[in-house]
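The numbers here are math on the coordinates, done by the rules we state, and not lab data. Source: prediction; values computed, not measured. As a convention, Cβ positions derive from the backbone with ideal geometry for all residues, glycine included, and neighbour counts pool all protein chains shown.
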Amino acid sequence: METLSLRQREILFLLKGHRDGLSIPKLEESLGISRTAVTQHLTNLELDGLIAKGTVTKTKGRPGSVYLITAKGIDQLPKQYSWFSELMLDALKEKLGAEGLSSFLRELAVGIGKQLQPKLVGQTFEEKIEEVNHVLNELGYDAHVVPSTSKELPMLSAHNCVYHKLADKHPEVCQFDLALLEALLENQEAIQEECMVRGGTACRFRFHSSATPNPS
C-alpha cells in the first residue's frame with residue numbers, strides 16, 4: 001500500500017465521522033473536488049481495503065451506494081501510541097526505578113518470546129535467526145541477518161528503531177529487544193554492539209552461547 005495522499009486522509013476522516021457511510025455526491029460537496037477525482041480516490045482506498053462499499057435504503061427508488069471506512073482504514077489514521085507509551089514508561093520508572101523498569105521490560109519480552117518459541121522448535125541456530133529476523137520485520141524493524149564468519153555466529157542488524165523517541169528518553173527500553181532475542185534464541189546471550197538512539201547507523205546484535213556445558 002502506498003502512502004496516503006492528503007485527499008485520501010480527508011476521505012477517511014470524513015467517513016470516520018459518518019459511520020453510516022457517505023455517497024459520492026456528499027464527498028464531492030465536502031471535499032470541493034470533481035466526481036472523477038473522488039471516484040479515483042475511492043477506488044484506490046477500496047483496493048487497499050481501507051473503505052468498503054455499502055448500501056442505504058431510500059424511501060423511494062432503488063437503494064443508493066455509500067462508502068464506509070473499514071477497521072483497517074481506521075488503523076491508518078494518526079494515533080497517539082507514542083505519547084501514551086511515554087506516559088506509561090514515565091509512571092513505571094517513577095514507581096519501580098530504572099532497574100525495576102529494565103526488569104519489567106525484560107519479563108515482558110520473555111513472556112512474548114515464550115509465545116513465539118514453538119515456531120523455532122527443532123531448528124538450527126541459523127534457521128532460528130532467519131525466523132527471528134522475519135518476526136522483527138513484521139514488527140517494522142527493517143532487519144537483516146549479517147552472515148557468520150568462521151569464528152562468530154550470524155548477527156542481526158536492524159535499521160529502524162520502532163520506538164526511537166521512547167528509547168531516547170528511557171534507555172531501559174533497549175532491554176526489551178535484548179531479552180526478546182535471548183528468549184527466542186535459547187542459550188544465546190544477545191549483546192547490542194551498536195544503537196541508533198546513541199548515534200549508531202543501525203541497531204546491531206551479536207550472540208554467543210550462554211549454555212552451561214554438560215559435565216563429562
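Can you say whether Glu182 is more than 18 Å from the chain's Cα centre (by Cα), over 22 Å from Leu87 (Cα atoms), surrounded by 17 or more Cβ atoms within 10 Å (Cβ to Cβ) and not hydrophobic (A, V, I, L, M, F, W, C), as far as the supplied structure shows? In short, yes. Residues that are within 19 Å of the chain's Cα centre (by Cα) and without any contact (Cβ under 8 Å) to a residue 40 or more places away in the chain were ranked within region 159-171; the one that is surrounded by the most Cβ atoms within 10 Å (Cβ to Cβ) is Ala167. Residues in region 21-48 that are without any contact (Cβ under 8 Å) to a residue 24 or more places away in the chain and in a loop (DSSP other than H, G, I, E, B): Gly32, Ser34.
Looking across region 9-20 at every residue that is in contact (Cβ under 8 Å) with a residue 40 or more places away in the chain and closer than 14 Å to Ile74 by Cβ, the one that is surrounded by the fewest Cβ atoms within 10 Å (Cβ to Cβ) is identified as Arg19.
In contact with a helix residue (DSSP H, G or I) (Cβ under 8 Å, 6 or more places away or on another chain), surrounded by 15 or more Cβ atoms within 10 Å (Cβ to Cβ), outside any helix (DSSP H, G or I) and touching a residue at least 12 places away in the same chain (Cβ under 8 Å), is that true of Phe205? Here the answer is yes, as Phe205 does meet what is asked.
With respect to the stated conditions, Gln76 is closer than 26 Å to His164 by Cβ, polar (S, T, N, Q) and surrounded by 11 or more Cβ atoms within 10 Å (Cβ to Cβ). If you go through region 89-104 one residue at a time, do you hit one that is in a loop (DSSP other than H, G, I, E, B), in contact with a helix residue (DSSP H, G or I) (Cβ under 8 Å, 6 or more places away or on another chain), of a type outside the set (Asp, Glu) and closer than 28 Å to Leu166 by Cα? No, region 89-104 has no match at all. As for region 66-76, it holds at least one residue that is more than 26 Å from the chain's Cα centre (by Cα) and not hydroxyl-bearing (Ser, Thr, Tyr). Figure legend. Inter-residue proximity from region 172-183: first residues touching a residue at least 24 places away in the same chain (Cβ under 8 Å), second residues of a type in the set (Phe, Trp, Tyr) and surrounded by fewer than 23 Cβ atoms within 10 Å (Cβ to Cβ), beta-carbon distance below 7 Å, spacing 6+ or different chains. Indicated pairs: Val173/Tyr163. Scanning region 132-154 for residues that are under 16 Å from Thr201 (Cα atoms) and in a loop (DSSP other than H, G, I, E, B) turns up Tyr141, Asp142.
Checked against the criterion of being free of Cβ contacts under 8 Å to residues at least 60 places away in the same chain, within 30 Å of Leu180 (Cα to Cα) and part of a helix (DSSP H, G or I), region 55-73 has at least one qualifying residue.
When you go through Gly122, Gly140 one by one, which is the residue that is under 26 Å from Leu87 (Cβ atoms) and not aliphatic (A, V, I, L, M)? Write out each step before concluding.
Numbers: Gly122 fails: under 26 Å from Leu87 (Cβ atoms).
That would be Gly140, the only listed residue that is under 26 Å from Leu87 (Cβ atoms) and not aliphatic (A, V, I, L, M).
Would you call Gln115 exposed (fewer than 12 other Cβ atoms within 10 Å of the Cβ), closer than 21 Å to Ala183 by Cβ and of a type outside the set (Phe, Trp, Tyr)? When the stated conditions are applied, Gln115 passes them.
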